[in-house]
Amino acid sequence: MQGGRGDANPLGRLILEIRRLERNPRHYGGVGPLTPTEIHTIDAIGREDGILMSELAARLGITKGAATQIIGRLEAKALVRRTPHPGDSRSVIVSLAEQGKAAHKAHEELHRSFYNQLRAELGAEGISTFEEGIEKFIAFLKK
């Protein structure tokens with residue numbers, strides 16, 4: 001596949017770069033290194049004040065067992081806490097601890113900063129085309 005500027009397979013380079021990023025932990029908000037899976041789990045929890053473990057698994061597109069393992073790692077790092085659901089003893093609510101909130105805020109700021117830089121470089125029309133391309137790419141990946 002050739003890119004519009006004759007670049008050798010820019011889509012392949014994008015996928016390789018995403019894979020590289022997925023292997024490298026980063027620091028967020030003064031918290032120790034977090035894997036992309038961990039920070040995206042924190043992000044999913046941080047959108048609400050507390051989330052059911054089953055809801056979290058569904059939001060992340062993983063099994064409840066996988067979610068439980070990730071939450072165990074985050075709990076060991078004092079980033080999240082589990083509490084029993086007040087109305088259903090079989091359910092667990094997961095929420096962010098203070099350090100988890102700091103990591104969530106730093107992650108949101110990183111995304112906001114990246115998007116603002118991209119918008120400044122591409123302009124309104126360019127960002128619209130970019131977003132449309134992303135949506136088409138996601139739809140293609142879901143096929």
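Brief remarks follow.
- Search result, residues across the stretch 57-105 that are of a type outside the set (Val, Ile, Thr) and crowded, with 19+ Cβ neighbours inside 10 Å: Ala57, Ala67, Leu74, Leu79, Leu96, Gln99, Gly100, Ala103, His104
- Among the conditions (1) hydrophobic (A, V, I, L, M, F, W, C); (2) over 30 Å from Leu74 (Cα atoms); (3) touching a helix residue (DSSP H, G or I) at 6+ places or on another chain (Cβ under 8 Å), the only one that Ala103 does not satisfy is (2).
- Test result for Val80, modelled with pLDDT under 95, more than 30 Å from Gly133 (Cα to Cα) and not acidic (Asp, Glu): no
- Close pairs from the stretch 38-60: first touching a residue at least 60 places away in the same chain (Cβ under 8 Å), partner part of a loop (DSSP other than H, G, I, E, B), Cβ under 8 Å, at least 6 apart: Ile42/Leu79
- Just one of (1) closer than 12 Å to Ala44 by Cα; (2) over 19 Å from the mean Cα position of the chain (by Cα); (3) not aliphatic (A, V, I, L, M) fails for Asp88. It is (1).
Residue-wise test of (1) β-branched (Val, Ile, Thr); (2) in a loop (DSSP other than H, G, I, E, B).
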position: Glu75; (1), (2): no, no
position: Thr83; (1), (2): yes, no
position: Asp88; (1), (2): no, yes
position: Ser95; (1), (2): no, no
position: Gly100; (1), (2): no, no
position: Glu108; (1), (2): no, no
position: Arg112; (1), (2): no, no
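- Residue satisfying all of: in the stretch 15-50; of a type in the set (Val, Ile, Thr), in a helix (DSSP H, G or I) and within 20 Å of Arg82 (Cα to Cα); modelled with the lowest pLDDT among these: Thr37
- Only listed residue being of a type in the set (A, V, I, L, M, F, W, C) and farther than 21 Å from Ile138 by Cα, chosen from Ile62, Ile15, Ile70: Ile70
- Test: Leu122 is in a helix (DSSP H, G or I) and over 26 Å from Leu11 (Cβ atoms): no
The values are calculated or read from the model by the stated rules, or taken from the named source; none is laboratory data. Since the structure is predicted, the reported quantities are computational estimates derived from the model, not experimental observations. Every residue, glycine as well, gets a Cβ built from its backbone with ideal geometry; the counts of neighbours run over all protein chains shown.
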